[in-house]
Amino acid sequence: MDEQEQGPLAGFTVGVTAARRADELGALLRRRGAVVTHGPALRIVPLADDTDLLAATKDIIDHAPDVVVATTAIGFRGWVEAADGWGHGEELLDRLRGVELLARGPKVKGAVRAAGLTESWSPSSESMAEVLDRLLAEGVAGRRIALQLHGEPLPGFVEALTAGGAEVVGVPVYRWMPPEDIGPLDRLLDGVLAGALDAVTFTSAPAAASLLSRAEHRGALPELLAALRHEVLAVCVGPVTALPLQAHGIDTLQPERFRLGPLVQLLCQELPARARSLPVAGHRIEIRGHAVLVDGLLRPVPPAGMALLAALARRPGWVVSRADLLRALPGAGRDEHAVETAMARLRTALGTPKLIQTVVKRGYRLALDPVADTKYDG
């Protein structure tokens, strides 16, 4: 199986913080070979009596938008019911009758019509990407667009409209809360801190803020920031999503088009480009997060083996002492025999024993090809 068949993300572990559309994003990543760690940073709960929704409703009644996008049936019904409860129901419906009303899919269309309204258009695909394409094709510069949010913001939707010159008014029918089960988010955070993740994806600013907040609560914020600045790639769907991270001095990567597909494509380019590639003992090895490509064939390596290989690859061709390798092993203690055990397993995992040479009484070295001593890829 060559690299193309096993996917450009084979050997890498990617964290997903999304609550909504996590399955879709995870499937896109796995299809390209990644191992996915899902730790939702949010849960989404309906608003009962909320000042933000009341303020957005009054704003729309007082200042007519050009377009209103209804995204979920339950959210649209909840908005109309809340407006009724505040005594603004008829004013809201009157306002919505006079604007371009886009409904995402049949269920939303049903909720719109049940409220006595008629949608201007609805995509056959139920895809917000199709709604966005239509809006951008019409031209959004100078237009005021009200977007009924349904929990975690739609990846890149607001960014794309804002970049096109629109004023976007969010209608928050749900609230973001910390997840009820914090375990998966803690496991994701532990993976980042341990260097077990190669990248973390963010599809909303609240999710990014929630991960930072959880790390702070655990007293691990400095370690998280250090990991995201150096070892672990932070990839955001767009610039709005990136703001909480950038406020802490973390450089993020963002695709040119603010969608899940381009986000995954960006990872497919960036992670392999960051992998260390070396000519060793007549072979080409590429060191990835939890695996090594040996002549294009993926060889999974246990964490202890990856720690040893990383230490050897820092100075390829040079002898690294057992004592230095012991320090590189996670939780190995003081017994240098642990190095020999882990080294034996590493050689077995690589399938090509001669890649790593034993130098008697001194340690081990990567058998870097002599002609490549000054030419290896750094």
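The values are calculated or read from the model by the stated rules, or taken from the named source; none is laboratory data. Just so it is clear, the model here is predicted, and its values are computed rather than measured. Note that each Cβ is placed from the backbone with ideal geometry, even for glycine, and that neighbours are counted across all protein chains shown. Only protein heavy atoms, including side chains, enter the accessible area calculation; ligands, DNA and RNA are left aside. Shrake-Rupley method; radii C 1.70, N 1.55, O 1.52, S 1.80 Å.
Data for the structure
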quantity: Scan of region 152-169 for residues that are modelled with pLDDT of 90 or more and within 23 Å of the chain's Cα centre (by Cα), ordered by number; calculated: Ala160, Leu161, Thr162, Ala163
quantity: Set Val68, Val45: member being hydrophobic (A, V, I, L, M, F, W, C) and open to solvent by less than 20 Å² (accessible area, probe 1.4 Å); calculated: Val68
quantity: Top-ranked residue in region 199-231 [being free of Cβ contacts under 8 Å to residues at least 60 places away in the same chain and not in a helix (DSSP H, G or I); ranked as least open to solvent (accessible area, probe 1.4 Å)]; calculated: Ala220
quantity: Thr118 open to solvent by 70 Å² or more (accessible area, probe 1.4 Å) and among the hydroxyl-bearing types (Ser, Thr, Tyr); calculated: yes
quantity: Selected residue [within 22 Å of Thr162 (Cα to Cα), modelled with pLDDT of 90 or more, in contact with a strand residue (DSSP E or B) (Cβ under 8 Å, 6 or more places away or on another chain) and not polar (S, T, N, Q)] from Ala103, Ala137, Ala141; calculated: Ala103
quantity: Close pairs (7 angstrom Cβ cut-off, 6 or more residues apart or separate chains): at negative phi and without any contact (Cβ under 8 Å) to a residue 40 or more places away in the chain in region 69-80, in a helix (DSSP H, G or I) and open to solvent by 20 Å² or more (accessible area, probe 1.4 Å) anywhere; calculated: Ala73/Lys107; Ala73/Gly110
quantity: Yes/no for Pro300 being open to solvent by 30 Å² or more (accessible area, probe 1.4 Å) and without any contact (Cβ under 8 Å) to a residue 12 or more places away in the chain; calculated: no
quantity: Condition met for Thr51 (open to solvent by 50 Å² or more (accessible area, probe 1.4 Å) and either over 30 Å from Ala234 (Cβ atoms) or modelled with pLDDT under 90 (or both)); calculated: yes
quantity: Which listed residue is basic (Lys, Arg), more than 26 Å from Asp62 (Cβ to Cβ) and touching a residue at least 60 places away in the same chain (Cβ under 8 Å), from Arg175, Arg187; calculated: Arg187
quantity: Subset of region 235-290 [open to solvent by 50 Å² or more (accessible area, probe 1.4 Å) and assigned to a helix (DSSP H, G or I)]; calculated: Pro239, Val240, Leu243, Gln246, Gln265, Gln269, Glu270, Ala273, Arg274
quantity: Subset of region 307-322 (residues that are touching a residue at least 40 places away in the same chain (Cβ under 8 Å) and either outside any helix (DSSP H, G or I) or open to solvent by 20 Å² or more (accessible area, probe 1.4 Å) (or both)); calculated: Pro316, Gly317, Trp318, Val319, Val320, Ser321, Arg322
quantity: In region 182-206, the residues that are touching a helix residue (DSSP H, G or I) at 6+ places or on another chain (Cβ under 8 Å), of a type outside the set (A, V, I, L, M) and over 15 Å from Ile250 (Cβ atoms); calculated: Asp186, Gly195, Asp198, Thr203, Ser204
quantity: Odd one out for Phe12 among (1) without any contact (Cβ under 8 Å) to a residue 24 or more places away in the chain; (2) buried (at least 18 other Cβ atoms within 10 Å of the Cβ); calculated: (1)
quantity: Where Val169 falls short, out of the listed (1) part of a strand (DSSP E or B); (2) open to solvent by 30 Å² or more (accessible area, probe 1.4 Å); calculated: (2)
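So that you can scan it fast, the table gives a plain yes or no per residue for (1) more than 32 Å from the chain's Cα centre (by Cα); (2) at pLDDT 90 or above:
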| site | (1), (2) |
| --- | --- |
| Val280 | yes, yes |
| His283 | yes, yes |
| Arg288 | no, yes |
| Val292 | no, yes |
| Met306 | no, yes |
| Leu326 | yes, yes |
| Asp335 | yes, no |
| Met343 | yes, yes |
| Thr358 | yes, yes |
